[in-house]
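Working notes, structure below.
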Amino acid sequence: MSAESLVVEVVRSGFVESTHRARMLAVEADGSPVRVHGAVDALVSPRSSMKPLQALAMVRHGLDLEGELLALACASHSGEPFHVEGARKILSGAGLDESALRCPEDLPGDDAARDEVLRSGGGPARVHMNCSGKHSAMLATCVANGWPVETYLDPAHPLQRAIREVVEELTGERVAATGVDGCGAPLFFVSMVGVTRAFRAFVLAEPGTPERRIADAFRAHPEWTSGTRRAEARLMRAVPGLMLKAGAEAFDAFAFSDGRAGTVKIEDGGQRARTPVTVEALRALGFSGADLDELAAGVLYGGGRPVGEVRLRRS
């Protein structure tokens, strides 16, 4: 399965300054492809787009979270105060504190939250790192099962073996390779086809199942899976019923409640091109609206005023 990649242009003052190539897969409610661009069946690193699958393994193994905290377990959050307090709450419920986290220290990704931490005399901390919700949930799962907490990131750990089993089950593919994500957790390489298949499994699951609980938490609390000022949350608010998760190096995966779904990968990892291509995938599946139009228009500024845009090349 292969087709020509999409090209995203960065236009400044009327001139094409840079370009990004993108792969995209969009499938209809029955799973049949509607738009295919690039080698969507090749191996890819979905990065944090796999967090719902990681959370599914945790829920199946006794992670007892609902609502906002379940959404946070799937998050690449911005380090806003409610994200940080949520991670601490997950840890406290397991009898732990943030010293148990093994993700790297970081400052909040949200500008306002970062400035407030620095103004108050704080600095980088593991709980501020964007994956601290997932790591807190991993630790809580280990406590619930009596598994070692010190080595929870080891690929041979029972938790990571359980996650690998879920990844292979939902993608319908054997994990081709295992790497290390930015947060230190094992990273499993599959195809965009497999990731799209996995996201459909979440939204099409029966109410009350672990898959559906995760999908519902995403859709009810999008700011908890990303941040109040993030494009991911805005996309889910613009399309009620949409479950969407971004990953590092410009990956997006999404699914709608009726089974329409898709994945996007910007080949050079350029994040600025990701949302315009995701909006194009949503449009290919019949979604529209002013909010999507606004998100598709990546405005470039010069001297504080608009001077260009990030846009798809139209033939």
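Annotations for the structure displayed:
- If you take the Cα centroid of the stretch 142-193 and the Cα centroid of the stretch 18-68, the two points sit 15 Å apart.
- Total charge dipole magnitude, the stretch 110-267, about the Cα centre, Cβ charges on Lys, Arg, Asp, Glu only, Debye to nearest 20: 260 debye
- Charging the Cβ of each Asp and Glu at -1 and of each Lys and Arg at +1, and nothing else, the dipole of the chain about its Cα centre rounds to 460 debye.
- A full extension of the chain between T178 and R283 corresponds to an added length of 34.4 nm, given 0.36 nm per residue minus the alpha carbon distance.
- Stretching the chain fully between S99 and D64 yields a gain of 10.5 nm (0.36 nm per residue, less the alpha carbon separation).
- Modelled this way, with points 7 Å down the Cα-to-C-beta line, the labels at V34 and E165 are 3.6 nm from one another.
- Where only alpha carbons of the stretch 90-204 are counted, the Rg and the Dmax (Å): 16.3, 48
- The label point for V307 and the one for A42, both projected 7 Å from the Cα toward the Cβ, are 3.5 nm apart.
- Hydrodynamic radius by Kirkwood, which averages 1/r over all alpha carbon pairs of the stretch 51-122, in angstrom: 13.3 Å
- Note on the stretch 213-229 and the stretch 244-315: Cα centroid distance 18 Å, given to the nearest whole angstrom.
- Helix-only mean residue ellipticity at 222 nm for the chain, each DSSP H run of n ≥ 4 adding -39500 (n - 2.57), per residue, nearest 500: -11500 deg cm²/dmol
- Angle in degrees between helix 158-171 and the longest Cα principal axis of the chain, rounded to the nearest 10: 30 degrees
- Global geometry of the chain, whether rounded, prolate or oblate, following the gyration tensor of its Cα atoms and the 1.5 cut on a/c: oblate
- Farthest positive-ward along the chain dipole, Cα basis, beta-carbon charges - from M243, V264, G109: V264
- Built from the Cα atoms of the stretch 162-308, the convex hull projects on average onto 10.0 nm², one quarter of its surface area.
- Relative packing of 297-309, 268-280, 231-243, which averages over residues the other C-beta atoms within 10 Å, highest first: 268-280, 231-243, 297-309
- In a fully extended conformation the segment linking R229 and R212 would gain 3.6 nm over its present Cα-Cα distance, using 0.36 nm per residue.
- For the stretch 247-315, the solvent-accessible area with a 1.4 angstrom probe is 43 square angstrom per residue.
- Aspartates and glutamates whose Cα lies under 13 Å from that of K89, excluding same-chain neighbours fewer than 8 positions away: D64, E66, E68, D97, E98
- Using a probe radius of 1.4 angstrom, the carbon and sulfur fraction of the accessible surface of the chain is 49%.
- Residues S92 and R272, FRET efficiency given R0 of 45 Å [Cβ-Cβ distance, rounded to 0.05]: 0.75
The values are calculated or read from the model by the stated rules, or taken from the named source; none is laboratory data. Treat the numbers as computed from the prediction; the structure is a model and nothing was measured. Glycine also receives a Cβ, built like all others from the backbone with ideal geometry; neighbour counts cover every protein chain displayed. Protein only, heavy atoms only, side chains kept; ligands, DNA and RNA dropped before computing areas. Shrake-Rupley method; radii C 1.70, N 1.55, O 1.52, S 1.80 Å.
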